[in-house]
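Note sheet for the following structure.
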Amino acid sequence: MFPVINKQILAKNIKRIDIAAEHIARRVQPGQFVLIRPVEGGEGIPLSVIDQDPDKGTISVIIRELGETSQTLTGMALKQNIHAILGPLGTPAQIKKKGAVVCVATGIGVAQILPICRGLKEAGNKVVGIIGARTKRELLLEAQMRLACDRMMIATEDGTYERRGLATELLERLLDEQGIDQVNAIGSVDLMRTVCAITKPRKVKTLVQLRPMMVDCLGLCGACRLKVGNKTVLACVDGPEFDGHRVDFDDYEIRMNAFKEQIWDNRKATSNPSGSDPKTLTKFLSGILKS
Ligand code: FES
């Protein structure tokens with residue numbers, strides 16, 4: 001039994017849900033995720049655990065309402081039981097003392113990078129957080145990021161808050177000003193590709209989190225195959241964290257675009273092909289078969 005303990009609206013179509021899940025709360029590490037199946041016989045949705053309280057036995061996830069499963073989950077009442085939660089899943093993020101670390105994230109990636117920032121700070125690193133959004137209203141978890149980082153930098157594309165511009169522009173400026181030992185980046189394909197293009201010539205180690213379509217999240221179905229360092233890897237068991245300088249972002253982009261509307265809410269598309277655009281499904285499946 002996994003009752004919903006608390007719900008909070010963070011931004012348009014983005015909600016936080018706290019869930020009682022004692023065994024996961026005790027074991028989950030930064031960078032890991034869970035597969036949540038809200039109702040029996042329904043689809044599962046993989047979500048990063050952004051917070052945990054081992055004493056209370058609760059975990060917190062952040063959901064973008066993109067499809068039926070995510071809306072079922074966010075529509076659950078307080079104390080209502082979630083049917084099943086599998087986890088923790090995935091390989092924990094590398095949390096080591098490196099020195100000065102920059103954590104860059106945009107969109108819902110801010111929720112995913114938050115526990116990594118906390119872990120890196122606890123490990124003794126000086127953590128600089130850089131978050132970005134199109135406009136102030138779309139910025140997520142600013143207060144929590146300020147607590148988790150030693151220094152925060154914020155960019156909005158329309159200039160409605162802090163610096164006008166892109167998070168990657170702030171990163172570039174920071175790297176020119178001071179020595180940085182590692183960069184962690186989570187966000188869109190464009191964000192992570194740009195971050196890696198900035199850090200690679202400067203020889204700054206860069207870790208990214210890749211979130212392709214996932215189905216079973218157990219390494220059995222092959223849906224989350226990616227190319228990293230000329231090898232085929234599975235994001236759900238080998239990742240989701242990878243060395244950004246070795247990621248084939250073109251291949252990753254094809255996979256992300258195949259089901260853009262159903263990222264993180266994908267069981268419907270793969271288990272019910274008749275409900276999907278046949279051209280899109282063919283593109284996705286041919287991508288798997290070519291890998
Ligand atoms: Fe099936 Fe990763 S989701 S192998």
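The values are calculated or read from the model by the stated rules, or taken from the named source; none is laboratory data. Nothing here was measured: the structure is a model prediction, and the numbers come from that model. So basically every Cβ, Gly included, is an ideal-geometry build from the backbone, and we count neighbours across all protein chains shown. Accessible surface is based on the protein model in full, side chains and every heavy atom, while ligands, DNA and RNA are left aside. Shrake-Rupley method; radii C 1.70, N 1.55, O 1.52, S 1.80 Å.
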- [ ] Would you mind classifying the chain by shape? Square roots of the alpha carbon gyration tensor eigenvalues, ordered a ≥ b ≥ c; an a/c under 1.5 is rounded, otherwise it is prolate if a/b is larger than b/c and oblate if not.
- [x] oblate
Task: Positive-end residue, the chain charge dipole about Cα centroid, Cβ charges, pick of Q112, Q178, A77 - done: Q178
- [ ] Select from P115, P54, P201 the residue whose mean-square fluctuation is largest in a Gaussian network model of the chain (Cα-Cα springs shorter than 10 Å).
- [x] P201
- [ ] For the chain, give the percent of accessible area contributed by carbon and sulfur heavy atoms, probe 1.4 Å, rounded to a whole number.
- [x] 48 percent
Open item on the list: Keeping every protein chain present and rolling a 1.4 Å probe, give me the accessible area per residue for the chain in Å².
Closed with: 46 Å²
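Step through the table entries K203/K227; K56/K136; K126/K200; K96/K200, compare each Cα-Cα distance with 31 Å, and write down the pairs that go over it.
K56/K136
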Task: Whole-percent pair-distance distribution, where bins are 10 Å wide, for the alpha carbons of the range 108-211 - done: 15, 51, 32, 2
- [ ] State log₁₀ I(q)/I(0) for the range 112-168 at q = 0.13, 0.20, 0.25, 0.27 Å⁻¹ as given by the Debye formula over alpha-carbon point scatterers of equal weight, solvent excluded.
- [x] -0.31, -0.67, -0.93, -1.02
